[in-house]
Amino acid sequence: MKVLYLFTLLISNIFFSQKKLTKDIDFDGTKDTIYIDSENTKIVSLLSTQNFKKVKSGEIESLDGESSLKSISNGFELHIDWMRAGYCCQFRYNKIEKKIQLIGMNRYEFGPASNDGSGESSVNLLTGQYIGNWNYYDLKKEELIKIPTIKSKMIFPKIYLENFSEKIYLDYSEKCSSLYIKRKNKLQNK
């Protein structure tokens, strides 16, 4: 079932994602533009409330031909997919701060052929709630073991488009991996 879900997600990204979005991001009735600048490996926003001044993210080295933007009801998502792993970052306009804010991240991995380390996780940056659903391959039993859902607090400072970079995702990935390894070791040592 999960494989079907991930396949459907990937297919929907192919058909409904793009490199450039034209949409009213700041909710003032005027269309804004968000695009991927692949040459400079950045996301760029041109908001009407900021007189269409270019606001650029930090460097995102993993931006490539498979990277895309997807419109969501209250903002947009950046999708970066590789062959057996990927991640997504959700952004929306913060009306009080008058900036585009990172509000969530999620990641998935299929792992190697044995699917060791496969699964998915997400973090809501507004609440600090982390949820991870991961698996590991047990060599003794020769089977894939589902780890009980990991729920934890994962706190990040407020992150806006202009200070977003790949380092933010890598920090999330490291924290996520640490929780996975801790839970896996605990299960294996029972």
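The values are calculated or read from the model by the stated rules, or taken from the named source; none is laboratory data. In this text, all values refer to a predicted model and were calculated from it rather than measured experimentally. Every residue, glycine as well, gets a Cβ built from its backbone with ideal geometry; the counts of neighbours run over all protein chains shown. What goes into the accessible areas is simple: the full protein's heavy atoms, side chains included, and nothing from ligands, DNA or RNA. Shrake-Rupley method; radii C 1.70, N 1.55, O 1.52, S 1.80 Å.
The table below gives the values:
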| item | result |
| --- | --- |
| Set of lysines near Lys186 by C-alpha distance (under 20 Å), chain-local residues within fewer than 8 positions excluded | Lys140, Lys141, Lys146, Lys151, Lys153, Lys175 |
| Within region 37-112: Cβ-based charge dipole about Cα centre, in debye rounded to nearest 20 (Lys, Arg +1; Asp, Glu -1) | 540 |
| Above-threshold pairs, the threshold being 18 Å between Cα atoms, out of Lys53/Lys99; Lys19/Lys70; Lys54/Lys158; Lys158/Lys182; Lys31/Lys95; Lys42/Lys167 | Lys54/Lys158; Lys158/Lys182 |
| Farthest toward positive dipole pole in the chain [+1 Lys/Arg, -1 Asp/Glu at C-beta], among Leu46, Pro148, Gly29 | Pro148 |
| Residue-averaged [θ]222 nm for the chain, counting only DSSP H segments that reach four residues, each worth -39500 (n - 2.57) | -7000 deg cm²/dmol |
| DSSP beta bridge pairing in the chain, given as percent antiparallel to the nearest 5 | 100 |
| Computed accessible area, Arg92, all protein chains, 1.4 angstrom probe, square angstrom | 80 |
| Kirkwood Rh and Cα Rg combined as Rg over Rh, evaluated for region 58-190 | 1.01 |
| Neighbourhood net charge (13 Å Cβ-Cβ; Lys/Arg +1, Asp/Glu -1) for Lys23 | -1 |
| Distance (nanometres) between label positions extended 7 Å along Cα→Cβ at Glu66 and Ile96 | 3.8 |
| Label point distance in nm, Ala85-Glu59, each placed 7 Å from Cα along Cα→Cβ | 2.0 |
| Angle between the chain longest axis and helix 166-188 axis [Cα atoms, degrees, rounded to 10] | 20 |
| Ranked order, Leu46, Leu21 - accessible area, probe 1.4 Å, largest first | Leu46, Leu21 |
| Tilt relative to the chain, helix 2-16 - C-alpha long axis, 0 to 90 degrees, to 10 | 20 |
| Relative contact order (%) - criterion: Cα under 8 Å, at least six apart; region: region 48-162 | 18 |
| Debye, to nearest 20: dipole size of the chain, +1 on Lys, Arg Cβ, -1 on Asp, Glu Cβ | 720 |
| Label point distance in nm, Gln50-Glu142, each placed 7 Å from Cα along Cα→Cβ | 5.7 |
| Accessible surface of Lys186 - all protein chains present, 1.4 Å probe, nearest 10 Å² | 140 |
